[in-house]
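Working notes for the structure below.
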Amino acid sequence: MDVKRLVILGALFVLLVILVIVFFIRGGGEKAIQSQVSPPPEMYHPSEKPQEKKKIILFFLSEDDTLLHPEEREIYASPSIVYEAKQVIEELIRGSQNDFLSPLPPQTRLRELYLPENGVAYVDFSKDFQGTHSSGSSAEISTVYSIVNSLTYNFRSIKKVFILVEGGEKETLGGHINLNIAFLPQYSLIAK
């Protein structure tokens, strides 16, 4: 009986290893990391030293056109890009100080931001990001590229942005833009 159990456990272990290998080989492209991934070890705690400020550029919408309009803001400087990138997203959620339109619903919460070494930032929003978003393809495009351009413009190490909702991939934000891919910046959408 014990030999049978060992053989069965051994076979299950080999099957599990094969499945893991197949999963990583066939995964290809940028797939969303799952919510069980822990934040990077480089997390920075603001109380460690006096805070210096750093200027960043955020991109907001306008009632006058479909372009993204830059707005300068200050965040706390940090040796952690993740900590600074989280501040950028939090500032986008707060909205414009120059009467531009906010790309994100005010109820939206940033759950987490991950930055593996592949240059893809994974930004995980609360369900309010998707549930209370304005409808329409231009609103979705503006929202996505406000986030993507704000992160890639301010951080050279961020090349693409993958948007998650409640820790998982979503097909679309409101039925128009495919969220199953990592987005490259589109600086052509920025007003001159």
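Listing for the model above:
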quantity	calculated
Qualifying residue in the stretch 63-79 (condition: polar (S, T, N, Q), surrounded by 15 or more Cβ atoms within 10 Å (Cβ to Cβ), under 30 Å from Asn180 (Cβ atoms) and modelled with pLDDT of 55 or more)	no
Test: Ser188 is of a type in the set (Ser, Thr, Tyr), in a loop (DSSP other than H, G, I, E, B), open to solvent by 10 Å² or more (accessible area, probe 1.4 Å) and under 17 Å from Ile57 (Cα atoms)	no
Test: residue in the stretch 113-125 that is aromatic (Phe, Trp, Tyr) and either open to solvent by less than 10 Å² (accessible area, probe 1.4 Å) or in a helix (DSSP H, G or I) (or both)	yes
Candidates Ser150, Ser157 - the one that is surrounded by 15 or more Cβ atoms within 10 Å (Cβ to Cβ) and touching a residue at least 24 places away in the same chain (Cβ under 8 Å)	Ser150
Residue among Val22, Val17 that is at pLDDT below 55 and either surrounded by 17 or more Cβ atoms within 10 Å (Cβ to Cβ) or of a type in the set (A, V, I, L, M) (or both)	Val22
Residue count for the stretch 99-120, restricted to those that are over 29 Å from Glu63 (Cα atoms) and aliphatic (A, V, I, L, M)	3
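The values are calculated or read from the model by the stated rules, or taken from the named source; none is laboratory data. Not measured: the values here are computed from a predicted model. Cβ coordinates were reconstructed from backbone atoms using ideal geometry, including for glycine residues, and neighbour counts include every protein chain displayed. Side chains are part of the model used for accessible areas, which takes the heavy atoms of the whole protein and leaves out ligands, DNA and RNA. Shrake-Rupley method; radii C 1.70, N 1.55, O 1.52, S 1.80 Å.
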